[in-house]
Every structure is written in C-alpha cells, then in structure tokens.
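Chemist: The structure is given below, and queries will be raised subsequently.
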Amino acid sequence: MNLNLDLLKQSGKLEISESDGKKWVYDIIRKKPIVLLPEELVRQCIIWYLVDEKGVSKNLISVERGIKVNGLFRRCDLILYDRNILPYMIIEVKRPGQAITQKVFNQIAMYNIPLRVPYLMVSNGIDNYACHLNFEKKSFAFIDYIPAPEKF
C-alpha cells in the first residue's frame with residue numbers, strides 16, 4: 001500500500017549550496033553540509049516532511065546510525081525514536097526512481113533484527129511504503145500513514 005506522498009516536494013525547503021564543484025545540502029539533524037547525492041536528496045526531503053509536516057522533534061531523529069547485524073556493521077538511513085528515546089521506526093531511503101523491491105524490504109528487515117522496532121518504512125521519495133510489525137503474532141501489515149512518536 002503506497003503512502004501516496006510526493007516527499008520530493010519538500011526539496012524547496014532544502015538549503016543547497018555549491019562549492020568545490022559539488023552540490024551540498026545542509027542537514028538539520030547532523031547540523032552540517034552533506035554532499036547532495038540522489039539518495040541524500042530523498043533522505044533530506046523525508047527529514048523535512050517529518051519535522052515540518054508531522055511535527056517530529058529533530059532530537060528524535062537519527063541519521064545513518066550504526067548498528068551490528070549478525071556481527072556485521074550496518075548503517076540505518078533514519079531511525080525515529082519515541083519520547084522515551086526508544087527506537088520505534090526505521091526508514092530505508094533509496095534514490096529517486098530506484099524500484100522498491102523485495103530486496104529493499106529484506107534489507108530493512110535485517111536492520112530490524114537488533115532493534116525490533118514496530119514500524120518500518122522504505123522510500124525513494126515518490127514510492128513510500130510503511131508497515132507495522134506485530135512481534136507477538138509474528139505478523140506485519142502495510143499501513144497508509146507514518147506514525148508519529150506521540151502515539152506510543
């Protein structure tokens with residue numbers, strides 16, 4: 001179930017500059033300029049959507065957080081935390097136009113092994129999918145919204 005959001009519309013809010021022959025975007029979470037690669041564009045649009053449209057506190061968003069999965073170091077694109085600073089959602093970001101395939105869902109599911117968050121989301125800026133995991137019933141369901149941390 002696609003969330004039916006065009007997150008790339010948030011790009012007008014981005015602070016973009018150019019130096020050394022590269023485009024840079026100011027990351028309001030990491031508080032520094034980041035090279036503006038296609039995947040970074042989507043990540044920054046999602047951040048702005050979460051902060052500006054959903055009212056998520058910047059303090060509850062982690063960017064490229066390192067985790068260990070089966071002994072290997074991996075980085076989650078975005079992790080959202082609830083008011084108790086417990087992770088409740090992982091967001092996997094892909095560049096615009098990249099297909100959201102089963103492989104992408106498998107990737108984010110692997111990232112969730114150590115975290116066990118109840119919500120997962122994958123996005124390429126246009127195609128956005130979110131699901132709720134029920135660990136007790138060992139099931140999941142696609143949802144048509146992005147849950148906010150105050151709901152927990």
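Rule-based calculations on the coordinates, nothing more; no lab input. These figures come from a predicted structure and were not determined experimentally. FYI the Cβ positions are ideal-geometry reconstructions off the backbone, even for glycines, and counts take in every protein chain you see.
Chemist: Using Cα pairs under 8 angstrom and six or more residues apart, how large is the relative contact order of the stretch 55-152, in percent?
Modeler: That works out to 22 percent.
Chemist: Between the stretch 92-139 and the stretch 25-83, what is the C-alpha centre distance in whole Å?
Modeler: That distance is 15 Å.
Chemist: Check ILE34: other-chain or 5+ apart residues with amide H under 5 Å from its amide H, H built from backbone geometry?
Modeler: The answer is VAL25, TYR26, ASP27.
Chemist: Follow-up question, since we're still on this one. Taking 0.36 nm per residue of sequence separation and subtracting the Cα-Cα distance, how much length would be gained by fully extending the chain between ALA109 and SER19, in nm to one decimal?
Modeler: Result: 28.7 nm gained on full extension.
Chemist: Return the percentage of antiparallel bridges among DSSP beta bridges fully within the chain, rounded to the nearest 5 %. Walk me through the intermediate numbers first.
Modeler: Numbers: 31 of 36 bridges.
DSSP beta bridges in the chain are roughly 85 percent antiparallel.
Chemist: Considering the options LEU7, LEU78, ALA148, tell which one lies farthest towards the positive end of the dipole of the chain, charges being +1 on Lys and Arg and -1 on Asp and Glu at the Cβ, about the Cα centre.
Modeler: The residue sitting most towards the positive pole is LEU78.
Chemist: May I pose another question? Summing Lys, Arg as +1 and Asp, Glu as -1, what charge do residues with Cβ under 10 Å from the Cβ of ASN4 carry, ASN4 excluded?
Modeler: Net charge around ASN4: -3.
Chemist: Please arrange ILE108, ILE91 by how many other C-beta atoms lie within 10 Å of their C-beta, fewest to most.
Modeler: ILE108, ILE91
Chemist: I've got another one for you. Determine the calculated [θ] at 222 nm for the chain from helices alone, applying -39500 (n - 2.57) to every DSSP H run no shorter than 4 residues and normalising by the residue count; nearest 500 deg cm²/dmol.
Modeler: -5000 deg cm²/dmol
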